[in-house]
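Input: a single structure, listed below in structure tokens.
The values are calculated or read from the model by the stated rules, or taken from the named source; none is laboratory data. Since this is a predicted model, take the numbers as computed values, not measurements. In this analysis, Cβ positions are derived from the backbone assuming ideal geometry, glycine residues included, and neighbour counts consider all displayed protein chains.
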Amino acid sequence: MGIEDAVHGSTIVTPGKATILALGKAFPPQLVMQEFLVDGYFRNTNCDDPDLKQKLTRLCKTTTVKTRYVVMSEEILNQYPELVVEGLPTVKQRLDICNPAVTEMAIEAAQSCIKNWGRPISDITHLVYVSSSEVRLPGGDLYLAKGLGLRPETQRVMLNFSGCSGGVAGIRVAKDIAENNPGSRVLLATSETTIIGFRPPSAERPYDLVGVALFGDGAGAMIVGSSPEPSIERPLFELHTSMQHFLPDTEKIIDGRLTEEGISFKLGRELPQIIEDNIEGFCARLMDVAGYSEKDYNKMFWAVHPGGPAILNRMEKKLDLLPEKLNASRRALADFGNASSNTIVYVLEYMLEENKIARKEDQKGNEEWGLILAFGPGITVEGILTRTLAV
């Protein structure tokens with residue numbers, strides 16, 4: 001079957017194309033309500049700066065986040081009080097917490113995904129693991145494989161420090177593996193925690209408060225493979241065409257560094273504007289593959305990594321998208337915050353849920369063709385032209 005058949009409404013999987021066969025997610029036990037975050041953060045960091053507190057209060061409202069999950073707890077702060085002392089070298093302590101925490105969450109998300117998939121874990125042939133929250137050798141991919149009980153011959157790929165674009169980058173890599181290894185089944189897992197960059201508030205680093213108000217922890221997983229087994233597997237999305245593009249001379253806009261105090265991030269104020277200025281051309285190249293033009297934005301579904309409300313608002317305005325087109329992204333942001341590489345899994349799950357509700361109510365639901373998008377350090381844009389197959 002060719003692209004022409006698919007455009008006209010068929011939900012038959014295109015031969016040779018990778019599909020997402022199952023999704024899964026996991027979170028740490030601490031649920032943070034955004035309305036209580038400010039008081040808790042300043043109490044835990046022993047800070048009483050009223051100006052910084054007021055600034056964080058404003059940011060917490062503008063992020064549109066309502067709830068988040070975090071690894072950080074009072075028990076951890078009691079065990080590692082140096083985490084809230086400015087200037088102390090704490091990278092070892094942070095990694096002692098982060099490395100096992102992200103592995104535990106990744107294992108839980110992968111197990112949930114494998115259960116949803118319905119095939120035995122021994123059928124997994126490849127593992128792609130994404131995280132910007134751990135540093136060790138061997139990498140977390142080995143610890144994840146061991147924790148899950150994957151076969152020793154499972155082929156592994158580790159993607160470190162891809163930031164918010166890491167989830168879609170991982171899908172792109174899993175897609176390539178699946179399409180170039182017939183019969184393979186790729187487990188993609190992502191896992192992140194903000195402890196690696198947790199710091200006390202400082203007037204010298206006001207931009208840190210954006211991260212405090214926006215980011216959350218968690219893990220995501222999916223199984224990717226081509227030629228689904230019809231009696232067992234239920235393909236959810238077809239990954240038709242992938243693309244990556246970096247914007248020259250924008251390396252400092254998302255600037256992250258591993259220091260003695262953990263990871264420090266700086267997000268340029270101009271990030272939403274840069275994405276707005278470049279998103280049309282990138283999307284046009286992917287949409288053209290399916291025979292769509294710039295006039296057809298609202299004929300597609302949009303699974304966009306919610307880096308923040310400003311990015312979603314700029315995209316919606318630039319592409320003249322109907323408000324409901326970014327519903328899943330906005331819901332994921334509100335419920336989980338920006339959980340970096342994981343968040344695209346949560347967006348895709350919400351899209352499937354909304355489609356199911358629409359079908360029950362005898363509504364049309366989302367369109368068959370759509371784009372999966374994310375933006376990360378570089379500035380790097382990751383995109384995948386996708387068909388929904390869950391009917």
Enumeration of residues in the range 145-169 that are in a helix (DSSP H, G or I) and out of contact with any Phe, Trp or Tyr (no Cβ under 8 Å at 6 or more places or on another chain)
Ala145, Lys146, Gly147, Leu148, Gly163, Gly166, Gly167, Val168, Ala169
Looking at Val71, Val38, Val32 in this structure, which one is surrounded by 20 or more Cβ atoms within 10 Å (Cβ to Cβ), in the same structural domain as Ala106 (by TED's automatic domain parsing), among the β-branched types (Val, Ile, Thr) and within 25 Å of Thr190 (Cα to Cα)?
Val71
Quick test for you: out of Ile344, Ile384, pick the one residue that is touching a Lys or Arg at 6+ places or on another chain (Cβ under 8 Å) and β-branched (Val, Ile, Thr).
Ile384
Scanning the range 295-313 for residues that are part of a helix (DSSP H, G or I) and in contact (Cβ under 8 Å) with a residue 24 or more places away in the chain, which turns out farthest from Leu214 (Cα to Cα)?
Lys299
Filtering the range 250-261 down to residues that are assigned to a loop (DSSP other than H, G, I, E, B) and loosely packed, with under 11 Cβ neighbours inside 10 Å yields Lys252, Glu260
Just the residues that are aliphatic (A, V, I, L, M) and surrounded by 20 or more Cβ atoms within 10 Å (Cβ to Cβ), please, taken from the range 149-174.
Leu150, Leu159, Val168, Ala169, Ile171, Ala174
Assess whether Lys92 counts as being farther than 23 Å from Thr380 by Cβ, in the same structural domain as Val71 (by TED's automatic domain parsing) and without any contact (Cβ under 8 Å) to a residue 40 or more places away in the chain.
yes
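Quick grid of which residues meet (1) crowded, with 16+ Cβ neighbours inside 10 Å; (2) at pLDDT 95 or above; (3) in contact with an Asp or Glu (Cβ under 7 Å, 6 or more places away or on another chain); (4) outside the structural domain of Gly291 (by TED's automatic domain parsing):
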| site | (1), (2), (3), (4) |
| --- | --- |
| Thr193 | yes, yes, yes, yes |
| Gly197 | yes, no, no, yes |
| Glu204 | no, no, no, yes |
| Gly211 | yes, no, no, yes |
| Gly216 | yes, yes, no, yes |
| Met222 | yes, yes, no, yes |
| Thr241 | yes, yes, no, no |
| Ile263 | yes, no, no, no |
Mind listing just one residue for me: the one in the range 1-34 that is among the charged types (D, E, K, R) and modelled with pLDDT of 95 or more and, of those, farthest from Leu236 (Cα to Cα)?
Lys25
Does Ser184 fit the bill of being without any contact (Cβ under 8 Å) to a residue 60 or more places away in the chain, closer than 23 Å to Val173 by Cβ and either outside the structural domain of Asn338 (by TED's automatic domain parsing) or not in a loop (DSSP other than H, G, I, E, B) (or both)?
yes
First in the range 103-132 and crowded, with 22+ Cβ neighbours inside 10 Å, second anywhere and outside any loop (DSSP other than H, G, I, E, B) and among the β-branched types (Val, Ile, Thr), Cβ under 7 Å, 6 or more apart
Cys113/Ile223; Trp117/Ile223; Val128/Val157; Val128/Val173; Val128/Val186; Val130/Thr190; Ser131/Val102; Ser131/Thr190
Residue hits (the range 179-197; more than 17 Å from Arg151 (Cβ to Cβ) and either over 15 Å from the mean Cα position of the chain (by Cα) or acidic (Asp, Glu) (or both)) are Glu179, Asn180, Pro182, Glu192, Ile195, Ile196, Gly197
For the range 8-57, name all the residues that are within 23 Å of Val71 (Cβ to Cβ), touching a residue at least 40 places away in the same chain (Cβ under 8 Å) and basic (Lys, Arg).
Lys25
